[in-house]
1. Using a 1.4 angstrom probe, figure out how much accessible area the chain has per residue, in square angstrom, rounded to the nearest whole.
2. In nm, to one decimal, how far is the residue 250 label point from the residue 5 one, both placed 7 Å along Cα→Cβ?
3. Rank these residues by their accessible area, most exposed first, probe 1.4 Å: 266, 225, 49.
4. Using a probe of 1.4 angstrom, how much of the accessible area of the range 61-170 is carbon and sulfur, in percent?
5. Give me the number: length gained by fully extending residue 100 to residue 211, i.e. 0.36 nm times residue separation minus the C-alpha to C-alpha distance, one decimal in nm.
6. Return the Cα extents of the chain along principal axes one, two and three, sorted largest first, each rounded to a whole Å.
7. If every alpha-carbon in the range 1-139 counts as one equal scatterer, what log10 I(q)/I(0) does Debye give at q = 0.15, 0.18 1/Å?
8. For the range 1-76, which chymotrypsin sites (Phe, Trp or Tyr not before Pro) pass both filters: DSSP loop (anything but H, G, I, E, B) and at most 14 other C-beta atoms within 10 Å?
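The values are calculated or read from the model by the stated rules, or taken from the named source; none is laboratory data. Treat the numbers as computed from the prediction; the structure is a model and nothing was measured. Note that we place each Cβ from the backbone using ideal geometry, even for glycine, and neighbour counts take in every protein chain shown. Ligands, DNA and RNA are stripped out before the accessible areas are found, and what is left, the full protein with its side chains, is counted by its heavy atoms. Shrake-Rupley method; radii C 1.70, N 1.55, O 1.52, S 1.80 Å.
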Amino acid sequence: MLKKKEKISALIITYNEIDNISRCINSISFADEIIVVDSYSTDGTYEYLQNHSKIKVIQHSFENYTTQKSYTLKQASNDWVLFIDADEVVTPSLKNEILTTINNKTEHAAFWFKRTFMFTDKKVNFSGCQTDKNYRLFRKSNVSFNKNKIVHETLNVNGSSAILKSKLIHYSYKNYTDFKSKNLKYGRLKAIESFNKGKRFSYFLFMVKPMWKFFNNYFLRLGILDGKKGLILSYIHALSVTEHYKTLYNIEKRNKNATIITETFLKNA
């Protein structure tokens, strides 16, 4: 049996994740510390975490994904960090690969994890999910989150990266309403990000981009082979693009002289 030498901190951000959190926590019980930053959940998530003996839980107001994850990263006591989402699960094979990797004096500063996307409890094989990967394991001392990205946050890595072989399980699709709501939120945040980068609304792109998104995911990326799952996922991802351009239009209409917009726009819209 592998003996751990390097210590590792597991980090999670949460908001109303009571349906997912216990499954996630159980899968990372091998970590030397587990820190969860909760943005004032109202569904019992915070209370569950408070009663878990191995977890340090902190409540912190949510501004955007990048600022929340940057704050959470600062809480880690160890240099090696495993940063996962509450709807993700580390499999036993991935756990072993993580521990083997960090205890063998790797030259890499960060590692990508490929993910298996679950539609309720069924695996999605295509629909754009087949190439899905994210940074999840890295040295705290070698990374920072890109401050210009407020959604689908990007990690800046000082050093080389590699990809682990075992996959992370991603239970993002709980039900249609939840998944639609999540992706509409991503679309609105992406609009703020685009506006702050100097991009402006285009009727042409408003018409073409959502159709292209659907066509690309459903046909080119073989969502059609996922059956009904592929149709739903492709449609909602296209809907997120539509929401992006609708929000961008509203930002311009309501803030003609502004050059920078914050997330408070969404709360007041």
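1. Values: 13960 Å² over 269 residues.
Accessible area per residue: 52 Å².
2. The modelled label-to-label distance comes out at 5.5 nm.
3. Working: 266 50, 225 115, 49 0 Å².
Per-residue accessible area, sorted high to low, gives 225, 266, 49.
4. Details: 2340 of 5060 Å².
Ligands and nucleic acids excluded, carbon and sulfur reach 46 percent.
5. 35.5 nm
6. Taking max minus min along each principal axis of the Cα atoms, the chain gives 59, 43, 39 Å.
7. Debye output, listed in q order: -0.78, -1.11.
8. Details: sites: 15, 30, 40, 46, 48, 62, 65, 71; in loops: 15, 30, 40, 62.
Here the chymotrypsin sites (Phe, Trp or Tyr not before Pro) that fit, given the DSSP loop and packing criteria, are 40.
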